[in-house]
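A quick write-up on the structure given underneath.
Bear in mind that the values in this text are calculations on the coordinates, not laboratory data. Computed from a predicted structure; not experimentally measured. As a convention, Cβ positions derive from the backbone with ideal geometry for all residues, glycine included, and neighbour counts pool all protein chains shown.
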Amino acid sequence: MTKTRLYSGMQPSAESLQIGNYIGALLNWKELQQTHDAFFSIVDLHAITVPQDPTALRENTRRTAAQYIAAGIDPSASTLYVQSHVAAHAQLAWVLNTITGYGEASRMTQFKDKSARHGADATTVGLFAYPTLMAADILLYQTSIVPVGEDQRQHVELTRDLAVRFNSRFGDTFTVPEVAIQKETAKIYDLQNPLSKMSKSAESHAGVIWMLEDSAVTRKKIMRAVTDTDGGVVFDRENKPGVANLLTIYSVLAERSTQSLEDEYAGRGYGDLKKGLAEVVTSTFDPIRARVQELLDDPAELDRLLAVNAAHAAEVADATLDTVFERVGF
Ligand code: ADP
Ligand code: NA
């Protein structure tokens, strides 16, 4: 029986992933890799759509790969590779650019947000074409399932439109993928601003828990997390977003219901809840950080793993690209 093909990826845009990436992506991927033919990419081509320091980018790409592996993505069960190692991504993206409407691309809300943030002068064609590169990532592997956050839904919808359009214009070539939006319960918010999503690219790092930071730092950030003055350990996302966020993280990492946590911490105050949470987070990340260090201490072995995986990815991707080139008349 052939397994359903799945694709997802993350940008190597920081030295460390944050706990939202772990809970919202990696934990989920670890499950999915058992039942799917999974391709997990480190998308460095996407990362350079905003300026990156070359040395840092190369380093962060390796570190991101090490974090995938340390978090449980198995490079012999999944295909774990660096996007720029597979030339077909950029090649297919070019072809897809030629069937994408300018107006259609202009409607992408992430482009509008990012270009507003970076200003007109720093807004590049690369940033504009980000969604067609993402479509190429997905379509190259004849992907059926794309597990992403809600913020990527519009890009996957565009990918579907482009697949259907190419297929009808040039003949059946691409599998039309399904969007698999991750559960809202897995969304993690900034500890200092529990109404905004925790992010690698947050302006302030005070409310971001990094997978690779020292556990004493993590502990301090959790103890300082914004809550409220009500004092009750109750899961109420609307009225108590800070406490709800702490309970969400706790619940996912300890594999316990928020109800059982409410019961345990009833009448005990936020200090105890935070101490308990800090314990759970640091005992999750301590062994991951140690494993990352081991992997980074043997760069030749890590590079070998990435090369083997990229070779497999390229084999699959090139088969699709050959068909595309033939169909468009190359
Ligand atoms: P970041 O904002 O940290 O740069 P991305 O937007 O690149 O993260 O997302 C990478 C992956 O991590 C996606 O699958 C996304 O859904 C997941 N992710 C990122 N931040 C969070 C979060 N705060 N909560 C849950 N999942 C998240
Ligand atoms: Na593999």
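Taking square-rooted eigenvalues a ≥ b ≥ c of the alpha carbon gyration tensor, is the chain rounded, prolate or oblate, where a/c under 1.5 means rounded and, failing that, a/b exceeding b/c means prolate? Verdict is prolate for the chain. Taking all Cα pairs closer than 8 Å and separated by 6 or more residues, the relative contact order of region 129-269 comes to 17 percent. Please give the helix 241-254 orientation as an angle from the longest Cα principal axis of the chain, in degrees from 0 to 90, rounded to the nearest 10. The angle comes out at about 80 degrees. You can think of it this way: the chain between residue 195 and residue 294 has 32.0 nm of extra reach, that is 0.36 nm per residue less the Cα-Cα gap.
Here region 215-293 is assigned +1 on the Cβ of each Lys and Arg and -1 on the Cβ of each Asp and Glu. Its dipole about the Cα centre then comes out at about 520 debye. A straight Cα-to-Cα reach below 26 Å connects residue 3 with the lysines 30, 183, residues fewer than 8 places away in its own chain not being considered. Residue 141 sits among other residues whose Cβ lies under 12 Å from its own Cβ, and their net charge, with Lys and Arg +1 and Asp and Glu -1, is -3.
Residue separation of residue 87 and residue 181 scaled by 0.36 nm, minus their Cα-Cα distance, works out to 31.0 nm of gained length.
Residue 77 sits among other residues whose Cβ lies under 11 Å from its own Cβ, and their net charge, with Lys and Arg +1 and Asp and Glu -1, is 0. The mean sequence separation of alpha-carbon pairs under 8 Å and at least six residues apart, normalised by the residue count of the chain, gives a relative contact order of 22 percent. The label point for residue 112 and the one for residue 325, both projected 7 Å from the Cα toward the Cβ, are 3.8 nm apart. Under the convention that each Lys and Arg Cβ holds +1 and each Asp and Glu Cβ holds -1, the size of the dipole of the chain around its Cα centre is about 420 debye. Beta bridges assigned by DSSP with both partners in the chain are antiparallel in approximately 10 percent of cases. Ordered by the number of other Cβ atoms lying within 10 Å of each residue's own Cβ, fewest first, 238, 279 fall into the sequence 238, 279. Placing +1 on the Cβ of every Lys and Arg and -1 on the Cβ of every Asp and Glu, with nothing else charged, gives region 22-133 a dipole about its Cα centre of roughly 160 debye. Taking the charge dipole of region 54-126 about its Cα centre, with +1 at Lys and Arg Cβ atoms and -1 at Asp and Glu Cβ atoms, the residue from 72, 92, 118 reaching farthest to the positive side is 118.
Annotation: aspartates and glutamates with alpha-carbon distance below 14 angstrom to residue 200 (same-chain offsets under eight excluded): 15, 190, 213. Rounded, prolate or oblate for region 1-92? Axes are the square roots of the Cα gyration tensor eigenvalues, ordered a ≥ b ≥ c, and the cut-off for rounded is a/c under 1.5. Verdict is oblate for region 1-92. The angle between the Cα long axis of helix 130-140 and the main principal axis of the chain comes to about 70°, on a 0 to 90 degree scale. Packing, as the average of other Cβ atoms within 10 Å across residues, places the peptides 2-9, 103-110, 155-162 in the order 155-162, 2-9, 103-110, highest first. Dividing the summed -39500 (n - 2.57) terms of all DSSP H runs of n ≥ 4 by the residue count of the chain sets its mean residue ellipticity at 222 nm at -17000 deg cm²/dmol.
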